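Asks: Take a look at this one; I'll ask things after.
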Amino acid sequence: MCGITAYRGPTAAASRARNALERLEYRGYDSAGIAARRPDGSTMHARTLSGVAALAVVVGEEPADATTAAIGHTRWATHGEVSEANAHPLEDCGGRLYVVHNGIIDNADALRARLVGAGHRFATGVDSEVIVHLVEQAQRPGVGLGDALADAVTHLSGSWAVVVLDARSGALAATAHGSPLICAEAGGGTYFASDVGAIAPEVDEFRVLEDDDVVEVDAAGPRWHRSGGSCRPRGLWPVPRTALLASTGRHRDHMGNEIDEQPLIARRVLEALSPGIADGRLWRGLGLPSLDGIDRVAVLGCGTSLHAGRAVAGVFGRLGGMPTRTLVASEVAHEVWEPRTLVIAISQSGETADVLRALDSLPPRHGTVLALTNNTSSTLARRSDAVIDCLAGPEVGVAATKTFVAQVLTGVCVALSALAAADRGDSACVDADLRALAATPDALAAALDTWRGPCAQLAADHARASGFLFLGRGAGLVYAAEGALKLKELSYRWAEAHPAGELKHGPLALVTTGTPVFVVDNGDPRLDVDIAEVTARGGRVIRIGERVLNVGGVALHLPRTGPSWGPLESVIPLQMFARELALRLHRDVDKPRNLAKSVTVS
Ligand code: F6R
């Protein structure tokens, strides 16, 4: 989604802002732009539909120290078409102020009408443009840029992270409300960014703007305001070590490398968390109530994170015997919350607007929200009672892969530790789950080895298939759902996931000769009947995770019971197949169309 970068300091402001934008590219965008002040008071203003790299041409023509203040933006269109004119930074009437904005201004139409009435000339249909005209209106002699911005945002409703550049003075001012923005100082300069990854190589620590904080930066350095008065700068956060651990590997796309990295991530998570499971230390360290004081668990998230949440809920439900619900975050608004509910909010970015809005619907002082996120300084982390880091490191591919595995495993460790702390769960089943957990990195590695060749072949065989079915039962179902989601995101082919038992209640009508049907085998013997129903109608079954014994040339499918979170390793061939098919169809697997890495609008 949209990304913001900004810099004011002694050297090369435009290059710094542009380089930081490059680190945000993976989040998905359709246009990019930059505005910078040259020392002679003139302005560099460039926008493009051709990617951040195209801005290098403009920025690269400037001598290294030519610009001292710059703002940059990657735009993911919500209001107004994708065009160079609609790309940020957006300009005021006088060509003095430039603004970059993430979020949505709900009352933009009314404000635009009022500003036009007052004589302002608009160049775009973009909601964000009202902000730069409001700042222009508020800026009078004696009113600093920070105060003008603070005044401007009092007229807004919606969500925003905004940085304004005054190209005449070289001052910057920034503010946020319901959309992330951070500020950091290094080497005599001040940075702003919507995501720590943008500036992680440049700074060691950063501060997070709370709602309605205003930070103004001029020759005297950064000053923090709040409601007209000054305020102390917010506390410092260290740049997370994992922010610099991007995946590398033999693939040209990030997604391929991130899939391959999953056994390593699993080892990292288990090394960090599994020592605290058996004695309940991991759970107690979070400072949440014991499960003796909790009656039920509600897990909420969106997309892949929701699927990870369903797997984690399986541990509390199947193993712990606790009532669990999994909630689609965007549908939570009218949920009736029961007391003594542990809420687990899962989001790799920690900035997903639907998840944050879902937390708004909780009763005040609910007190038991655990965030499971890959970004421990995110808004979700700061708004929760306890946080657990997924430890996946930066995930560049828009489609979640390694963060899914990391979320499932961190959630499973926490759930097992919570059960141990409250002495819940059948001890034989707990032991079996602990053994399965320890074996997960090897199981993921084996799945990578086993399926690499077959997935490429399957993709070749099914390149013309118009649609795919994914079936599962019990704990296998979430992996079928995740496989279908990956396939549609990457290949743009229709893919439906269903509980296998539902086949005969409707989806079976889709099956005809050659229809590809993936079945996630969690060892449930009833899957044999489901598969027979598909093959009898000519469907082509691709069974993932089966255990087969060959007796005198006859294949016997072995029943087995898997861990309470299901056959996690089955996601590997599903991710690999989705990627292989997408590559075969010449899709951009790292940046699927219409999608963004961090969905900050609801
Ligand atoms: C799928 C995918 C999305 C995200 C969803 C939630 O590959 O990436 O479905 O899982 O947008 O995002 P987070 O986890 O950031 O809350």
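Yes/no per residue for (1) over 18 Å from the mean Cα position of the chain (by Cα); (2) more than 14 Å from the ligand (Cβ to nearest atom); (3) charged (D, E, K, R); (4) under 30 Å from residue 23 (Cα atoms):
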site	(1), (2), (3), (4)
269	yes, yes, no, yes
276	yes, yes, no, no
286	yes, yes, no, no
301	no, no, no, yes
306	no, no, no, yes
336	yes, yes, no, no
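Asks: Can you give me the number of residues within region 395-450 that are within 16 Å of the ligand (Cβ to nearest atom), β-branched (Val, Ile, Thr) and either touching a Cys at 6+ places or on another chain (Cβ under 9 Å) or modelled with pLDDT of 95 or more (or both)?
Replies: To start, the set of residues in region 395-450 that are within 16 Å of the ligand (Cβ to nearest atom) comprises 395-411.
Retained after the next criterion (residues that are β-branched (Val, Ile, Thr)): 396, 398, 401, 403, 405, 408, 410.
Now narrow it down to the ones that are either touching a Cys at 6+ places or on another chain (Cβ under 9 Å) or modelled with pLDDT of 95 or more (or both): 401, 403, 405, 408, 410.
Selection size over region 395-450: 5.
Asks: Continuing with this model, one more query. Given the options 200, 176, 150, name the one that is out of contact with any helix residue (DSSP H, G or I) (no Cβ under 8 Å at 6 or more places or on another chain) and either under 16 Å from residue 598 (Cβ atoms) or in a strand (DSSP E or B) (or both).
Replies: Numbers: 200 fails: out of contact with any helix residue (DSSP H, G or I) (no Cβ under 8 Å at 6 or more places or on another chain); 150 fails: either under 16 Å from residue 598 (Cβ atoms) or in a strand (DSSP E or B) (or both).
Checking each option against the conditions leaves just 176.
Asks: Moving on. Need the failing condition index for residue 82 against (1) surrounded by fewer than 22 Cβ atoms within 10 Å (Cβ to Cβ); (2) β-branched (Val, Ile, Thr); (3) assigned to a strand (DSSP E or B), just the number.
Replies: Status for residue 82: all satisfied but (3).
Asks: Go through the residues of region 401-417 one by one and say whether even a single one is in contact with a Lys or Arg (Cβ under 8 Å, 6 or more places away or on another chain) and open to solvent by 10 Å² or more (accessible area, probe 1.4 Å).
Replies: no
Asks: For residue 370, work out the one condition from (1) within 29 Å of residue 182 (Cα to Cα); (2) touching a Pro at 6+ places or on another chain (Cβ under 9 Å); (3) away from the ligand (no atom under 13 Å from the Cβ) it doesn't fulfil.
Replies: The single condition residue 370 does not satisfy is (2).
Asks: Output the qualifying pairs, or none if there are none: Cβ atoms under 7 angstrom, residues six or more apart or on different chains, first residue in region 395-415 and assigned by TED's automatic domain parsing to the domain that holds residue 572, second residue near the ligand (Cβ under 8 Å from one of its atoms) and basic (Lys, Arg).
Replies: 398/597; 399/486
Asks: Would you confirm, using the coordinates I've provided, whether residue 125 is outside the structural domain of residue 353 (by TED's automatic domain parsing), on the phi > 0 side of the Ramachandran plot and part of a loop (DSSP other than H, G, I, E, B)?
Replies: Here the answer is no, as residue 125 does not meet what is asked.
Asks: Could you give me the residue pairs with C-beta distances under 7 Å whose first residue belongs to region 427-454 and is of a type in the set (Phe, Trp, Tyr), whose second residue is at pLDDT below 95 wherever it lies, and which are 6+ apart or on separate chains?
Replies: none
Asks: Do you know which of the residues in region 349-367 that are under 13 Å from residue 300 (Cα atoms) and touching a residue at least 60 places away in the same chain (Cβ under 8 Å) is farthest from the ligand (Cβ to nearest atom)?
Replies: Ranking the qualifying residues of region 349-367, first place goes to 357.
Results for (1) among the small types (Gly, Ala, Ser); (2) touching an Asp or Glu at 6+ places or on another chain (Cβ under 9 Å), shown as yes or no for each residue.
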{"site": "214", "(1), (2)": "no, yes"}
{"site": "235", "(1), (2)": "yes, no"}
{"site": "255", "(1), (2)": "no, yes"}
{"site": "277", "(1), (2)": "no, no"}
{"site": "282", "(1), (2)": "no, no"}
{"site": "293", "(1), (2)": "yes, no"}
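Asks: Any idea which residue in region 362-385 is modelled with the highest pLDDT, counting only those that are over 12 Å from the mean Cα position of the chain (by Cα) and over 22 Å from residue 333 (Cα atoms)?
Replies: It comes out as 376.
Asks: For region 474-503, which residues satisfy the criterion of being touching a residue at least 60 places away in the same chain (Cβ under 8 Å) and either outside any helix (DSSP H, G or I) or not hydrophobic (A, V, I, L, M, F, W, C) (or both)?
Replies: Within region 474-503, 474, 476, 479, 482, 483, 486, 489, 491, 492, 493 qualify.
Asks: Can you list residue pairs whose Cβ atoms sit under 6 Å apart, with the first residue in region 570-597 being modelled with pLDDT of 95 or more and the second being in a loop (DSSP other than H, G, I, E, B)? Count only pairs 6 or more apart in sequence or on different chains.
Replies: 570/545; 575/401; 579/589; 582/589; 584/463
Asks: Looking at region 190-202 only, could you name the residues that are at pLDDT below 95 and either open to solvent by less than 20 Å² (accessible area, probe 1.4 Å) or small (Gly, Ala, Ser) (or both)? Let's see the steps before the verdict.
Replies: Of all residues in region 190-202, those at pLDDT below 95 come to 194-202.
Passing the criteria: 194, 196, 197, 198, 199, 200.
Asks: Would you mention how many residues in region 19-41 are in a loop (DSSP other than H, G, I, E, B) and touching a residue at least 12 places away in the same chain (Cβ under 8 Å)? Give the steps one after another, and end with the answer.
Replies: Here is the first cut: in region 19-41, the residues in a loop (DSSP other than H, G, I, E, B) are 23-24, 28-30, 38-41.
Remaining after also requiring touching a residue at least 12 places away in the same chain (Cβ under 8 Å): 23-24, 28-30, 38-39, 41.
Counting residues in region 19-41 that are in a loop (DSSP other than H, G, I, E, B) and touching a residue at least 12 places away in the same chain (Cβ under 8 Å) gives 8.
The values are calculated or read from the model by the stated rules, or taken from the named source; none is laboratory data. A quick note: this is a predicted structure, and the numbers were derived from the prediction, not measured. Cβ: placed from backbone, ideal geometry, glycine included. Neighbour counts: every protein chain shown. We work out accessible area using only protein heavy atoms, side chains counted, and drop any ligands, DNA or RNA first. Shrake-Rupley method; radii C 1.70, N 1.55, O 1.52, S 1.80 Å.
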